[in-house]
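Below is one structure, written out as structure tokens; comments come after it.
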Amino acid sequence: MPRRQHLYLSREEADASGVLRPFAETLETLKSASGGYSETFLRELGAKEIVSLDYSDYEEATLLHDLNQPVPKEWEEDYDLIFDGGSLEHVFQFPTALSSCMRMLKQGGHFVS
């Protein structure tokens with residue numbers, strides 16, 4: 001979830017992966033449908049709702065927050081899956097950010113980084 005995730009996967013990479021092979025033919029269409037971001041692709045994989053988090057609204061994230069600070073209580077236990085595609089490495093207060101991610105997960109949720 002942190003940050004709006006760009007989709008850099010190429011058709012060749014998807015085709016070679018096996019698991020993503022069914023999406024290889026339509027990958028460029030999926031990329032252009034969301035301006036190069038991964039939302040359309042994630043929906044194709046089964047995501048029902050996608051929320052993004054970033055420090056600024058530059059990439060039009062859904063939630064704005066500095067992960068160096070704890071997330072608001074009302075965001076806790078809201079998400080089934082949190083995907084970090086490269087945001088936490090930019091946060092100085094890593095323990096705070098990771099703790100926030102864990103608190104945002106529902107019981108039995110998954111964190112992928």
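General remarks:
Results for (1) part of a strand (DSSP E or B); (2) in contact with a helix residue (DSSP H, G or I) (Cβ under 8 Å, 6 or more places away or on another chain), shown as yes or no for each residue.
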residue: Ile50; (1), (2): no, yes
residue: Asn68; (1), (2): no, yes
residue: Ser99; (1), (2): no, no
residue: Gly108; (1), (2): yes, no
residue: Phe111; (1), (2): yes, yes
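- On the stretch given as the range 54-95, residues that are among the hydroxyl-bearing types (Ser, Thr, Tyr) and open to solvent by 40 Å² or more (accessible area, probe 1.4 Å) total 4.
- Some residue of the range 80-91 being modelled with pLDDT of 90 or more and in a loop (DSSP other than H, G, I, E, B): yes
- Meets criteria (touching a strand residue (DSSP E or B) at 6+ places or on another chain (Cβ under 7 Å) and open to solvent by 50 Å² or more (accessible area, probe 1.4 Å)) for His110: yes
- Filter pass, Glu49 being on the phi > 0 side of the Ramachandran plot and open to solvent by 50 Å² or more (accessible area, probe 1.4 Å): no
The values are calculated or read from the model by the stated rules, or taken from the named source; none is laboratory data. Please read all numbers here as calculations on a predicted model, not as lab measurements. With ideal geometry, Cβ positions are generated from the backbone for all residues, glycine too; neighbour counts draw on all protein chains shown. In case anyone asks, the SASA skips ligands and DNA or RNA and just uses the protein heavy atoms, side chains included. Shrake-Rupley method; radii C 1.70, N 1.55, O 1.52, S 1.80 Å.
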